[in-house]
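Engineer: The structure under discussion is supplied below as C-alpha cells; questions concerning it will follow.
We did not get these values from a lab; they are worked out from the coordinates using the rules stated. Since the model is a prediction, treat every value here as computed from it, not as a measurement. In this analysis, Cβ positions are derived from the backbone assuming ideal geometry, glycine residues included, and neighbour counts consider all displayed protein chains.
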Amino acid sequence: MTIPLPASVDEALALLTRGNYVADRSLATALFLALKLKRPLFLEGEAGVGKTEIAKVLSETLGRRLLRLQCYEGLDASSAVYEWNYARQMMEIRLVEATGSREGGGQDRDTLAADLFSERFLVKRPLLQALEPDPAGPPVLLIDELDRTDEPFEAYLLEILSDYQVSIPEFGTVHAPEPPVVILTSNRTREIHDALKRRCFYHWVDYPSAAREREIVAVKAPQADARLAAQVVGFVQSLRGMDLYKAPGVAETLDWAQALVELDQLELEPSVINDTLGTLLKYQDDIARIQGSEAARILTQVKTELAATTAR
Ligand SMILES: Nc1ncnc2c1ncn2[C@@H]1O[C@H](COP(=O)(O)OP(=O)(O)OP(=O)(O)O)[C@@H](O)[C@H]1O
Ligand SMILES: [Mg+2]
C-alpha cells in the first residue's frame, strides 16, 4: 500500500517532523507544492544546513525507495543513466560461439544482437532506475550537489526531467508511469542554469534561527543538556555572524554538541571550546582566529544573552 502524499502544508510539515526534520513553514510549503504539482524541488544553501537530509527523510516517511545520484565533475550518462555490461556481453558472445561450433548451428546473428541488448545486459544507474514503476509508489530521486557537474550534464538532466523518459537506441524508450519525487541540491559553488531551475520549485535552505536550531539539537542530540545545547547554539550563531572562511552548518552544531556530551560537559567552558573547535571549524585560519580570547569573549556574550532571556 502506498503512503499518500501530504494534502496540505501542515501535513507536509508533519511528514518532515515524523522524520525528525525540524522545518519552517516556507520549506514545508515548497515541499507540499513540489509534491502536489509533481515538480522537482531544487534546494540551494550553504553546506550542512540539511538539504540532503530532506530527501532521506522523504524516502523514509513516504516509504519510497531512495535513489541517490551524487554529482561530480565529469559525471556522464554511463554513470548517471545506464551503460551496457560489455564484459557480460563479451562472455555471452564467446559462449554462443563455443556452443555454436560444437553443435554446428547456433544462434543467428539477429537473435544474438537482440539478446545482447536486452535488459539482462543493461546496467541501470539512478536516473534510469527512478523511471521504473515501483509498487510502493514512485521513488525519491536525490540529485545531490548538482553544482559539481558540468553544463552538458545539466542540459541532459533537463531533458530527462522534462518528460521523465530516457531513450536507449538499442533498447527503446523507458518512460516513467508516474514522475519520481525529485530533490536537487546545490551548494551554489556555481549558478545552475535558469532553464533547469525553471522546471523546479526553488527553495533557499537558510541557517536556522536560534530557536529552531535548539529544536534540531534537542531532536538529533537529545543527550545534550538543555543549557549546554542553548550555549552551543548561541556560540555557533555568533560564529555565523563573523566573516569566517567557512561558517559552521547545522551538521557542525550537532557534531559539537555530541562531542561535548562525550566529554561529559554540562556547559561550555573556554578551555573545552579551544580543545574542540576542530569539530566546528575546518580551516586553521578560522580556528586560529577564534581560539583563545575571542572564544572567551563570545562565550561571555552568549551567557549574558541567555541569562537575559531566561530572566525575562
Ligand atoms: N532542520 C533539520 N532538522 C533535523 N536535522 C537537521 C536539520 N538540518 C540539518 N540537520 C542535520 O544536519 C546534518 C547535515 O545535514 P545535510 O547533510 O542534509 O546537509 P547538507 O545541506 O546536505 O550539507 P552539504 O551541502 O554539506 O551536503 C544531518 O545530520 C542532518 O540530520
Ligand atoms: Mg548534502
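Engineer: Only bridges whose two residues both fall in region 1-158 count here: according to DSSP, what percent of them are antiparallel, nearest 5?
Structural biologist: 40
Engineer: Set the bar at 30 Å for Cα to Cα. Now go through LYS56/LYS303; LYS51/LYS124; LYS36/LYS124 and name every pair that lies beyond it. Don't skip to the end; give the middle numbers.
Structural biologist: Numbers: LYS56/LYS303 35 Å; LYS51/LYS124 25 Å; LYS36/LYS124 28 Å.
Beyond 30 Å between Cα atoms: LYS56/LYS303.
Engineer: Calculated from DSSP H runs of 4 or more alone, at -39500 (n - 2.57) each and per residue, what is the 222 nm mean residue ellipticity of the chain, nearest 500?
Structural biologist: Per the formula, -15000 deg cm²/dmol.
Engineer: Counting Lys and Arg as +1 and Asp and Glu as -1, what is the net charge of the other residues whose Cβ lies under 12 Å from the Cβ of ILE192?
Structural biologist: Net local charge, ILE192 excluded: -2.
Engineer: Continuing with the same structure: State the dimensionless ratio Rg/Rh of region 65-156 (Rg: radius of gyration of Cα atoms; Rh: Kirkwood radius).
Structural biologist: Radius of gyration over Kirkwood radius for region 65-156 works out to 1.15.
Engineer: Once the convex hull of the C-alpha atoms of region 1-142 is built, how many Å³ does it hold per residue, rounded to a whole number?
Structural biologist: 148
Engineer: Which of PRO179, PRO222, PRO138 ends up with the largest GNM mean-square fluctuation for the chain, with Cα atoms connected below 10 Å?
Structural biologist: Maximum fluctuation in the GNM of the chain, among the listed residues, is at PRO222.
Engineer: Can you give the Kirkwood hydrodynamic radius for region 163-220, in Å, rounded to one decimal and based on Cα pairs?
Structural biologist: 15.5
Engineer: Picking from THR111, THR149, THR173, which is most flexible by a Gaussian network model of the chain using Cα springs under 10 Å?
Structural biologist: THR111
Engineer: So what's the projected area for region 1-58, the Cα convex hull averaged over all directions, in nm²?
Structural biologist: With every direction weighted equally, the projected area is 4.1 nm².
Engineer: Given N residues in region 92-205, what is Rg(Cα) / (2.2 N^0.38 Å)?
Structural biologist: Dividing the Cα radius of gyration by 2.2 N^0.38 Å gives 1.49.
Engineer: What are the semi-axes of the equivalent ellipsoid for the chain, taken as the square roots of 5 times the Cα gyration tensor eigenvalues, largest first, in whole Å?
Structural biologist: 49, 22, 18
Engineer: Report the local net charge at LEU35: Lys and Arg +1, Asp and Glu -1, summed over other residues whose C-beta lies under 14 Å from its C-beta. Provide the component values of the computation, followed by the final result.
Structural biologist: Values: positive: LYS36, LYS38, ARG39, ARG64; negative: ASP10, GLU11, GLU178.
Net charge around LEU35: +1.
Engineer: On a 0 to 90 degree scale, rounded to 10, what angle separates helix 51-62 from the longest Cα axis of the chain?
Structural biologist: Once rounded, one gets 70 degrees.
Engineer: Then there's this: Tally the DSSP beta bridges in region 112-255 and give the antiparallel ones as a percent, rounded to 5.
Structural biologist: 50
Engineer: Counting alpha carbon pairs within less than 8 Å and at least 6 residues apart, what relative contact order, in whole percent, applies to region 1-83?
Structural biologist: For region 1-83, the relative contact order is 30 percent.
Engineer: Tally Lys/Arg at +1 and Asp/Glu at -1 over every other residue whose Cβ is under 10 Å from the Cβ of TYR207; what's the total?
Structural biologist: With Lys, Arg at +1 and Asp, Glu at -1, the net is -1.
Engineer: Still on this structure: Say we join alpha carbon atoms closer than 10 Å with springs in a Gaussian network model of the chain; which of ALA114, ALA224, ALA12 then has the biggest fluctuation?
Structural biologist: Of the options given, ALA114 has the highest mean-square fluctuation.
Engineer: Could you check what % of the DSSP bridge pairs in the chain are antiparallel, to the nearest 5?
Structural biologist: Counting DSSP beta bridges with both partners in the chain, the antiparallel share is about 30 percent.
Engineer: Based on Cα positions only, what radius of gyration and what Dmax would you give for region 245-312, in angstroms?
Structural biologist: In Å, with Rg to one decimal and Dmax whole: 12.5, 38.
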